[in-house]
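Colleague: Submitted below is the structure of interest, expressed as structure tokens.
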Amino acid sequence: MPKIAEIEPTPNPNAMKFILKEPLTWGITRSYDSALQAKDDKLAAALFDIEHVTNVFYVDHWITVTQNGRADWSELKRELAVPIREAPAADEQSEQLMNDAALNFDPSKMSREDLARLDKINDILDEEIRPFLQNDGGDLYVVGLEGNKLSVHYQGACGSCPSSLSGTLTGIENLVRQIEPDIEVVAV
């Protein structure tokens, strides 16, 4: 059962980042935009049962919860702390999470060239973008590469943050264009 070490605001005023003493996962991200999406995840489902919660994102030692802007954070943080503290730690659930994540990626649908391109793109995102997004309570997941179109999905606090859909997206596109000059990056 993870203990909360710290609670931090994020650049998104509607999202709060809970930093935990024990990890929830070992490198597997979980992101949900609705209670229906979270129905098979006990922690996320319990958080969506709390009024005003609109997004749950977690990985390793932190969880970001986004609300609809109509709740008082001081009260909502107390409510959110209960299911977070009751959640199983990473050791208890990591094997199942890794199996689930493996099912979402099918490399047989991509050419070798596209896989190599995607590896280079992910490397630069891992080095230059994801650490900053994760520090702010979010992340970025690549959902597709078709021709010169890279589709990305923001997770956690970044999912509803106004700057992620404008400035951050432009910055990502400019960075990726260093290795793929004709690429277009779109958020989905």
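Values in this text are rule-based calculations from the coordinates and carry no lab data. Keep in mind it's a predicted model, so treat the numbers as computed, not measured. When we count neighbours, we look across all protein chains shown, and the Cβ atoms used for this are built from the backbone with ideal geometry, even at glycine.
Colleague: Just to check I understand the Karplus step: with θ = phi - 60° and J = 6.51 cos²θ - 1.76 cosθ + 1.60, what whole-Hz values come out for segment 179-186, glycine and proline as x?
Modeller: 10, 9, x, 9, 7, 10, 10, 10
Colleague: Specify, per residue and in Å³, the volume enclosed by the convex hull of the alpha carbon atoms belonging to the chain.
Modeller: It is 113 Å³ per residue.
Colleague: LEU118 to ASP60: FRET efficiency via 1/(1 + (r/R0)^6), r the Cβ-Cβ distance, R0 25 Å, to the nearest 0.05?
Modeller: 0.60
Colleague: Ok, one more. Please sort 48-57, 64-73 by packing, taking for each peptide the average over its residues of neighbouring beta carbons within 10 angstrom, highest first.
Modeller: 48-57, 64-73
Colleague: How far apart, in nm, are two points set 7 Å out from the Cα along the Cα-to-Cβ line at LYS21 and at ASN174?
Modeller: Those two pseudo-labels are separated by 4.3 nm.
Colleague: Now for a separate question. Gain in length, ILE7 to SER74, computed as 0.36 nm per residue apart minus the alpha-carbon separation, to one decimal in nm? The partial results should precede the final answer.
Modeller: Numbers: separation 67, 0.36 × 67 = 24.12 nm, distance 1.09 nm.
Separation in residues times 0.36 nm, less the Cα-Cα distance, equals 23.0 nm.
Colleague: Taking each pair of different alpha-carbon atoms in segment 107-187 once, compute 1/r for the pair, average those values, and report the inverse of that mean as the Kirkwood hydrodynamic radius in Å to one decimal. Write down the numbers at each step before the final one.
Modeller: Working: mean 1/r = 0.0782 Å⁻¹.
Its Kirkwood hydrodynamic radius stands at 12.8 Å.
Colleague: What is the set of long-range amide H partners of THR54 at a cut-off below 5 Å, with H atoms built 1.01 Å from backbone N?
Modeller: Placed amide hydrogens put THR66, GLN67, ASN68 under 5 Å from THR54.
Colleague: In the neighborhood of GLU184, defined by Cβ-to-Cβ distances under 10 Å, what is the net charge if each Lys or Arg adds +1 and each Asp or Glu adds -1?
Modeller: Charge balance near GLU184 sits at -1.
Colleague: Residues with amide H under 5 Å of ALA89's amide H, sequence separation 5 or more or different chain, H placed in the peptide plane at 1.01 Å from N; which?
Modeller: Excluding prolines and chain starts, which carry no amide H, there are no hits.
Colleague: Please give the calculated 222 nm ellipticity per residue for the chain, where each DSSP H segment of at least 4 residues contributes -39500 (n - 2.57) and the sum is spread over every residue; nearest 500 deg cm²/dmol?
Modeller: -10500 deg cm²/dmol
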